[in-house]
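Reviewing the structure listed below.
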Amino acid sequence: MRHFLVGLLSLVGALALALPVNAQDFPPIPDPVPVAVDPDHTALLVLDFVDTLCPPNPTCMEAAGKVSGLLAWARSEGLFVAHTVGGGGTPVAELAPMAGEPVIEGRSDKFLNTPLDQVLRDRGITTLIVTGFAANGAVLYTSFEANARGYTVVVADDGIAAVAPVQVYVARYQLLNQPGLGNPTNEPLRSRAVTLSRSDLISAR
């Protein structure tokens, strides 16, 4: 009986992920807003776009295409860039690290038991541009921990993805409505909070 119930719950969970999301059933999320960052104190984080996770998920590969352009811009403006790997993989070819760009291994919270915080502080980083897969995993938990540690976070809305649309919605909503560190109106560059922006709305000041 126990095995039957476990199997049934797994099936219900799988069906829930497969069901279409009706946007009118959920609170609205503010549109992405333009932001202008200081290149000397901003880092781009490219989280878990790896060969074991991304190619099997079309939405991940679509987001990787947007991040590729953002990555080229960040390098041209002199932003510090850091990559993370999860799922036992290596970065996909279009987002391959360059010399001097660290690759950090960790679970969903990329600050937990990793050198990421020290790497950023050593370079005087105060603002993070976060991209990644999955939105409801590495992006959500790393962004929250970054805010808790005093960083201001910009999430590139078109540079995040997850297995199911509802997971991306939940991540977007939670990013702006974190307890104690919220930015529900999506005020640009609110200190120690998340701003939802987009790759083509991010510029250097």
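Tell me the strands (runs of 3 or more DSSP E) entirely within region 149-205 that contain at least 1 residues that are among the acidic types (Asp, Glu) and at pLDDT 95 or above.
Working: elements: 152-161, 194-197, 202-204.
Of the strands (runs of 3 or more DSSP E) lying wholly inside region 149-205, those with at least 1 residues that are among the acidic types (Asp, Glu) and at pLDDT 95 or above span 152-161.
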>> Can you find, within region 63-86, the residue that is farthest from the chain's Cα centre (by Cα) among those that are more than 12 Å from Ala43 (Cβ to Cβ) and loosely packed, with under 13 Cβ neighbours inside 10 Å?
In response: Ser76
>> Among (1) surrounded by 15 or more Cβ atoms within 10 Å (Cβ to Cβ); (2) closer than 17 Å to Ala164 by Cα, there is one condition Pro56 misses while meeting the rest; what is its number?
In response: (1)
>> Filter region 150-186 down to the residues that are touching a Lys or Arg at 6+ places or on another chain (Cβ under 9 Å) and over 21 Å from Pro34 (Cβ atoms) and list them by number.
In response: Gly150, Leu181
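Using the structure shown, decide if Thr142 is closer than 22 Å to Pro39 by Cβ and surrounded by fewer than 24 Cβ atoms within 10 Å (Cβ to Cβ).
Numbers: closer than 22 Å to Pro39 by Cβ: yes; surrounded by fewer than 24 Cβ atoms within 10 Å (Cβ to Cβ): no.
Considered against the rule, which asks whether it is closer than 22 Å to Pro39 by Cβ and surrounded by fewer than 24 Cβ atoms within 10 Å (Cβ to Cβ), Thr142 comes out as no.
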>> Being of a type in the set (A, V, I, L, M, F, W, C), farther than 22 Å from Thr195 by Cβ, outside any helix (DSSP H, G or I) and without any contact (Cβ under 8 Å) to a residue 60 or more places away in the chain is true for just one of Ala99, Ala82. Which residue is that?
In response: Ala99
> Can you name the residue in region 33-66 that is among the hydroxyl-bearing types (Ser, Thr, Tyr) and not in a strand (DSSP E or B) and is also modelled with the highest pLDDT among such residues?
Replying inline: Thr59
>> Taking the conditions exactly as written (basic (Lys, Arg) and at pLDDT below 95), does Arg75 satisfy them or not?
In response: no
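Name the residues in region 104-124 that are in a helix (DSSP H, G or I) and either crowded, with 18+ Cβ neighbours inside 10 Å or touching a residue at least 12 places away in the same chain (Cβ under 8 Å) (or both), would you? Don't jump to the end; show me each part of the working.
So in region 104-124, the residues in a helix (DSSP H, G or I) come out as 116-122.
Of everything in region 104-124, those that are in a helix (DSSP H, G or I) and either crowded, with 18+ Cβ neighbours inside 10 Å or touching a residue at least 12 places away in the same chain (Cβ under 8 Å) (or both) turn out to be Leu116, Asp117, Val119, Leu120.
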> Of all residues in region 35-87, how many are closer than 19 Å to Ser143 by Cβ and among the basic types (Lys, Arg)?
Replying inline: 1
>> Return the pair list, or none, for Cβ contacts closer than 6 Å from residues in region 125-142 that are more than 17 Å from Ser197 (Cα to Cα) to residues that are aliphatic (A, V, I, L, M) and in a strand (DSSP E or B), at least 6 apart or on different chains.
In response: Ile125/Ala43; Ala138/Leu47
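The values are calculated or read from the model by the stated rules, or taken from the named source; none is laboratory data. The structure presented is a predicted model; accordingly, all values stated were derived computationally and were not measured. Note: ideal-geometry Cβ built from the backbone for every residue, glycine included; neighbour counts use all protein chains shown.
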